[in-house]
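Accompanying notes for the structure given below.
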Amino acid sequence: MAGHRADGHDVVVVSVSGAKIVAAMIGATHSVGTEVVSVRGRHPGEISFHCHSANKATAVREQAGRNGYDLTAGHAYSDSSADPPMLEAAGHPAVVNPDRGLRRPAAERAWPVLTSSEPVSPRSRSSTAVAAIGIGAVATAGAAWCGLHRMRRR
């Protein structure tokens with residue numbers, strides 16, 4: 001993440017939940033996440049957009065379209081088996097400390113696998129993805145933004 005920001009890329013959080021919170025925590029430029037129905041300021045518990053799996057890819061494409069980003073020049077990162085559609089939306093996908101379900105698709109597609117010496121435990125993983133979107137580049141990251149940050153400090 002730090003490297004993408006240093007290169008002048010925008011940072012976008014793509015999440016099944018908590019996109020705005022995570023975006024604020026890491027200084028993201030944009031966020032895309034699950035949206036709930038709001039009726040006169042109240043939430044009846046209905047979801048209007050579930051930002052998960054293929055819907056994350058849709059959200060990334062829409063964000064790129066709104067901002068004029070070239071997804072073929074983009075970088076995508078994830079640790080979750082739910083995210084191959086999102087990873088495939090970018091020209092340069094990679095997986096970071098992948099969960100068991102993401103290891104096979106990553107190997108089949110020859111996606112680079114990044115690891116951190118301080119991996120995130122499966123219990124603490126969320127379905128939050130972080131995206132760094134720069135002029136002509138998109139980076140989507142799974143909950144492994146912390147791992148990337150730690151790897152860059154080494």
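The values are calculated or read from the model by the stated rules, or taken from the named source; none is laboratory data. Computed from a prediction, not measured in an experiment: that's the story for all the values here. Note that each Cβ is placed from the backbone with ideal geometry, even for glycine, and that neighbours are counted across all protein chains shown.
Structural remarks
- Qualifying residue in segment 101-109 (condition: assigned to a loop (DSSP other than H, G, I, E, B), on the phi < 0 side of the Ramachandran plot, out of contact with any Leu (no Cβ under 7 Å at 6 or more places or on another chain) and surrounded by fewer than 16 Cβ atoms within 10 Å (Cβ to Cβ)): yes
- Candidate set: segment 13-38, residues that are hydroxyl-bearing (Ser, Thr, Tyr) and within 19 Å of residue 2 (Cβ to Cβ); chosen: the one nearest to the chain's Cα centre (by Cα): 31
- Residue that is farther than 18 Å from residue 87 by Cβ and touching a residue at least 24 places away in the same chain (Cβ under 8 Å), where the choices are 48, 17, 53, 38: 17
- Residue within segment 12-27 that is over 20 Å from residue 79 (Cβ atoms), modelled with pLDDT under 85 and surrounded by 16 or more Cβ atoms within 10 Å (Cβ to Cβ) present: no
- Inter-residue pairs, beta-carbon under 9 Å, first of a type in the set (Phe, Trp, Tyr) and in segment 63-75, second modelled with pLDDT of 90 or more, 6+ apart: 69/63
- Residue in segment 64-85 that is surrounded by the fewest Cβ atoms within 10 Å (Cβ to Cβ), counting only those that are part of a helix (DSSP H, G or I) and within 12 Å of the chain's Cα centre (by Cα): 85
- Selected residue (criterion: farthest from the chain's Cα centre (by Cα)) from residues of segment 39-57 that are under 30 Å from residue 89 (Cα atoms) and either in a helix (DSSP H, G or I) or among the aliphatic types (A, V, I, L, M) (or both): 47
- Condition broken by residue 98, with the remaining ones in (1) at pLDDT below 90; (2) more than 20 Å from residue 32 (Cβ to Cβ); (3) in contact with a helix residue (DSSP H, G or I) (Cβ under 8 Å, 6 or more places away or on another chain) satisfied: (1)
- In segment 68-117, the residues that are aliphatic (A, V, I, L, M) and under 20 Å from residue 55 (Cα atoms): 71, 76, 82, 86, 87, 89, 90, 94, 95, 102, 106
- Test for residue 41: is it over 29 Å from residue 105 (Cα atoms) and of a type in the set (Gly, Ala, Ser): yes
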